[in-house]
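The values are calculated or read from the model by the stated rules, or taken from the named source; none is laboratory data. Bear in mind that the values here come from a model prediction, so they are computed numbers and not experimental data. Using ideal geometry, Cβ is built from the backbone for each residue, glycine included, and neighbour counts are taken over all protein chains shown.
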Amino acid sequence: MKKYLLRIAWLALILPCLFFMPLRACAEPVTLPIRIAYPLLQSLMLADLFTEPGPSLVLSDPGDNCRQIRLSDPRLALDNSRIRLEMAVNLTGGKSIGDRCLFPVQWEGYTRVYAKPRLDRTNWRLRLDWQDAQLLTPEKQPAMVMDKLWQFFEGRVFDQLNALSLDLAPPVKELKPLLLSMTPEAAQSRIRQLLGSLKPDDVSSSPQGLTIRLSGEMAIPDKAPRQTPPEALSPEELASFTKTWETWDAFLVTTMLAVAGDPLSPQERQILLDVLLETRYRFVDAFSRKTRGQDLVRQQFLRAWKQMAPILRAHFNQSDPAADPWAYLAYFTASDALAALDQLGPALNIDISRDGLIRLARMLASNNHLMLKYTPAVNPVLRELLGLGPPIEPPGPIRDKDASDFHQKPGAGFSPARSLISWLSGIFPPKPCRAATPGDLPNLREMRKWLVSRNNLDTHRSRVKAVLQTAVQKNLQKGKIPGKYQGLFEDLVYATAWQESCFRQFIVKNQKITFLRSYNNTSVGLMQIHERVWRGIYSLQHLRWNVGYNAEAGVEILGHYLTRYVLPKKDTIKALDRDGLAACLYAMYNGGPSQVRKFPERQKSGNLYISDTHFKEKLQWVKNGEWDRLKICLFGG
């Protein structure tokens with residue numbers, strides 16, 4: 001009988017799974033975190049408690065207005081498993097007689113109070129139980145003076161602090177529309193199940209901040225969909241994929257700019273530069289293969305979040321004290337939730353959509369109308385944030401269209417009228433296709449000087465070398481490249497321009513002068529600057545239409561790779577000779593920072609790319625002064 005009852009009970013447990021959830025497993029426990037770094041917790045406290053000018057918390061004796069305490073500049077940290085709150089203190093004492101204060105005294109110093117975090121699970125509130133106060137001198141030593149006056153206010157200070165609680169429900173509420181916007185319709189019931197079952201579980205503290213664990217349940221499929229090799233995208237799919245990635249790239253820049261103006265360390269700036277360049281180069285690779293890989297945007301979002309989250313939490317709004325800390329808490333909670341759900345595997349099929357990215361960005365900016373525009377304009381704030389310095393000053397005017405010249409057809413006979421028109425066009429360029437500001441068109445005659453032919457090869461080569469040399473000297477004047485590498489750097493620049501463009505900025509195409517584009521229409525000009533990789537860092541139009549600007553940008557990129565990626569890596573320097581270092585820098589110029597690791601591996605194994613071999617050939621020609629070989633690149637012999 002007992003065995004029979006046990007079987008009945010067991011069947012009662014599994015039948016709901018069999019009949020009501022035939023396509024998925026029974027609900028399993030899922031944990032989502034809410035992480036509140038101490039800078040964010042400080043801001044939440046300031047917003048709710050320190051409401052007087054300063055900001056500060058002011059308490060007065062209702063029976064004697066001569067006695068007052070002002071608390072300001074709260075600082076939170078972990079101290080022996082307890083949260084320590086340090087505040088600046090200004091104590092005022094005296095005896096009130098009418099409108100006057102007799103025997104007034106004033107004291108300034110600090111106080112430290114300690115707390116344990118506590119969760120109120122019923123109403124989703126985080127509380128801090130404050131206790132054990134300590135009064136300190138301005139030098140932060142134990143203070144004995146003013147002890148009685150402090151004791152008068154101590155209980156009231158604790159009452160104010162203990163009355164503070166933080167509502168965790170709003171940031172969790174923001175999760176529902178975000179997660180649903182990133183989940184296929186077939187899996188949305190699971191997300192609703194999770195969000196409906198979430199409840200606060202426990203809270204823990206660490207040197208970085210507090211972590212509140214939310215527990216819930218969700219049906220997770222037994223097996224993830226089988227991954228298949230990425231298929232080539234149709235033109236329509238490629239356009240859609242590109243549009244989503246552009247939104248992601250705009251989101252990434254917007255996120256980084258949230259800490260612009262903060263006192264970031266060189267290491268933090270380097271992390272942000274690494275994230276931006278690695279993200280863009282990975283897209284370039286996927287775009288060139290016309291495949292999206294396995295959820296490229298999702299993977300890039302999660303990788304970038306893992307690297308940037310510590311920086312964002314530590315500096316989230318120091319440059320903008322007016323920013324809404326609750327919006328930041330919602331943003332952090334949502335990003336952490338996406339990372340946690342991804343750990344469950346691809347079975348949920350979470351996708352980082354354009355709509356989801358826009359929702360996240362609006363949380364961060366507290367702006368319900370933000371639209372994450374992908375614009376080519378130079379962003380000086382972004383350059384400064386990444387440690388790239390001020391923008392390059394454009395040395396001349398720009399054009400506003402891709403081709404704006406006519407060219408005499410090859411083999412056409414002499415025509416006085418055509419010659420007159422050609423001469424006048426050098427003085428009075430034709431009007432652009434659309435409205436342009438005064439002075440935005442380069443001189444047409446000047447543009448023609450940069451066209452190379454067999455007849456002007458020597459003159460053209462000397463002119464381009466002079467431009468490159470000027471760009472190199474400008475870069476060396478910054479004092480960042482050590483003297484023993486300056487000769488290598490100049491040879492590197494010449495060989496890169498030779499390899500990338502055969503020393504050309506402009507070509508004639510369909511009887512019109514236009515800037516040189518790469519075979520896949522991604523890079524432009526003398527140094528073949530990739531327009532997507534360096535978006536916001538350099539002026540797109542000046543890269544296209546000004547050979548001096550293009551040269552200076554390419555030289556600056558090579559300089560950053562040398563000083564910020566290669567020279568700090570002593571193992572790389574030891575593993576490569578002089579030519580190998582130059583080739584490594586060229587590989588980075590084409591493939592991004594990851595090549596600082598990949599190129600030495602190729603060099604050691606002997607499996608160099610064709611581009612590596614061709615660059616080394618150009619480098620040797622530059623070192624030997626074999627400039628006549630440029631005609632091979634230009635004319636095939």
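Candidates Arg602, Arg544: the one that is in a helix (DSSP H, G or I), in the same structural domain as Cys502 (by TED's automatic domain parsing) and over 28 Å from Met447 (Cα atoms) is Arg602. Tell me, which residue of region 287-301 that is in a helix (DSSP H, G or I) and crowded, with 19+ Cβ neighbours inside 10 Å is farthest from the chain's Cα centre (by Cα)? Only one residue tops the list, namely Phe287.
Condition check ((1) of a type in the set (Val, Ile, Thr); (2) in contact with a Gly (Cβ under 6 Å, 6 or more places away or on another chain); (3) closer than 21 Å to Gly209 by Cα; (4) not assigned by TED's automatic domain parsing to the domain that holds Leu210) across all residues:
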{"position": "Ser96", "(1), (2), (3), (4)": "no, no, no, yes"}
{"position": "Phe103", "(1), (2), (3), (4)": "no, yes, no, yes"}
{"position": "Asp120", "(1), (2), (3), (4)": "no, no, yes, yes"}
{"position": "Asp132", "(1), (2), (3), (4)": "no, no, yes, yes"}
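List the number of the failed condition for Leu102; all other conditions in (1) loosely packed, with under 14 Cβ neighbours inside 10 Å; (2) part of a loop (DSSP other than H, G, I, E, B) hold. Looking at each condition in turn, Leu102 falls short on (2).
Screening Val275 on (1) touching a helix residue (DSSP H, G or I) at 6+ places or on another chain (Cβ under 7 Å); (2) closer than 30 Å to Arg82 by Cβ shows it passes everything except condition (2).
When region 567-578 is filtered for residues that are assigned to a helix (DSSP H, G or I) and surrounded by fewer than 18 Cβ atoms within 10 Å (Cβ to Cβ), the ones remaining, listed by number, are Lys570, Asp571, Ile573, Lys574, Ala575, Arg578.
On inspection, Asp458 fails the criterion of being touching a residue at least 60 places away in the same chain (Cβ under 8 Å) and among the acidic types (Asp, Glu).
Sub-7 Å Cβ pairs linking a first residue in region 579-598 that is without any contact (Cβ under 8 Å) to a residue 24 or more places away in the chain to a second residue that is among the small types (Gly, Ala, Ser), at least 6 apart or interchain, are Asn590/Ser611; Gln595/Ala587, ordered by first then second residue.
When each of Val452, Val508 is tested for being surrounded by 15 or more Cβ atoms within 10 Å (Cβ to Cβ), touching a helix residue (DSSP H, G or I) at 6+ places or on another chain (Cβ under 9 Å) and not charged (D, E, K, R), the lone residue that passes is Val452.
Restricting region 519-542 to residues that are touching a residue at least 24 places away in the same chain (Cβ under 8 Å) and among the hydrophobic types (A, V, I, L, M, F, W, C), the residue that is farthest from Ala286 (Cα to Cα) is Leu526. For region 147-163, the count of residues that are on the phi < 0 side of the Ramachandran plot, in contact with a Gly (Cβ under 6 Å, 6 or more places away or on another chain) and of a type outside the set (Lys, Arg) is at least one. Just one of the listed residues (Leu441, Leu457) is modelled with pLDDT under 90 and more than 26 Å from Ile610 (Cα to Cα), namely Leu441.
Being of a type outside the set (Val, Ile, Thr) and at pLDDT below 90 is a property that holds for Leu6.
Would it be correct to say that Gln188 is without any contact (Cβ under 8 Å) to a residue 12 or more places away in the chain and under 32 Å from the mean Cα position of the chain (by Cα)? For Gln188, the condition - without any contact (Cβ under 8 Å) to a residue 12 or more places away in the chain and under 32 Å from the mean Cα position of the chain (by Cα) - is met.
Among the listed residues Ser60, Ser72, Ser43, identify the single one that is in a strand (DSSP E or B), among the small types (Gly, Ala, Ser) and out of contact with any Ser or Thr (no Cβ under 7 Å at 6 or more places or on another chain). Sole residue among the options that is in a strand (DSSP E or B), among the small types (Gly, Ala, Ser) and out of contact with any Ser or Thr (no Cβ under 7 Å at 6 or more places or on another chain): Ser60. The single condition among (1) exposed (fewer than 15 other Cβ atoms within 10 Å of the Cβ); (2) more than 30 Å from Met363 (Cα to Cα); (3) out of contact with any Phe, Trp or Tyr (no Cβ under 9 Å at 6 or more places or on another chain) that Asp120 does not meet is (2). Scanning region 59-70 for residues that are touching a residue at least 12 places away in the same chain (Cβ under 8 Å) and either surrounded by 14 or more Cβ atoms within 10 Å (Cβ to Cβ) or not assigned by TED's automatic domain parsing to the domain that holds Asn162 (or both) gives Leu59, Asp61, Asp64, Cys66, Arg67, Gln68, Ile69, Arg70. Every condition in (1) farther than 13 Å from Leu492 by Cα; (2) touching a Leu at 6+ places or on another chain (Cβ under 8 Å) holds for Ala575 except the one numbered (2). In region 542-567, of all residues being among the hydroxyl-bearing types (Ser, Thr, Tyr) and more than 13 Å from Leu526 (Cβ to Cβ), the one that is farthest from the chain's Cα centre (by Cα) corresponds to Thr563.
Yes/no matrix, rows are residues, columns are (1) farther than 26 Å from Ser206 by Cβ; (2) in contact with a Leu (Cβ under 6 Å, 6 or more places away or on another chain); (3) outside the structural domain of Ile350 (by TED's automatic domain parsing):
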{"site": "Ser72", "(1), (2), (3)": "yes, no, yes"}
{"site": "Ala88", "(1), (2), (3)": "no, no, yes"}
{"site": "Pro117", "(1), (2), (3)": "no, yes, yes"}
{"site": "Gln141", "(1), (2), (3)": "yes, no, yes"}
{"site": "Gln151", "(1), (2), (3)": "yes, no, yes"}
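Is it the case that region 587-597 has a residue that's in the same structural domain as Tyr494 (by TED's automatic domain parsing) and in contact with a Cys (Cβ under 8 Å, 6 or more places away or on another chain)? Checked against the condition, which is being in the same structural domain as Tyr494 (by TED's automatic domain parsing) and in contact with a Cys (Cβ under 8 Å, 6 or more places away or on another chain), region 587-597 yields at least one hit. Does Ser197 qualify as being closer than 20 Å to Pro29 by Cβ and touching a residue at least 12 places away in the same chain (Cβ under 8 Å)? In short, yes.
Does Gln160 count as assigned to a strand (DSSP E or B) and in the same structural domain as Asp61 (by TED's automatic domain parsing)? Considered against the rule, which asks whether it is assigned to a strand (DSSP E or B) and in the same structural domain as Asp61 (by TED's automatic domain parsing), Gln160 comes out as no.
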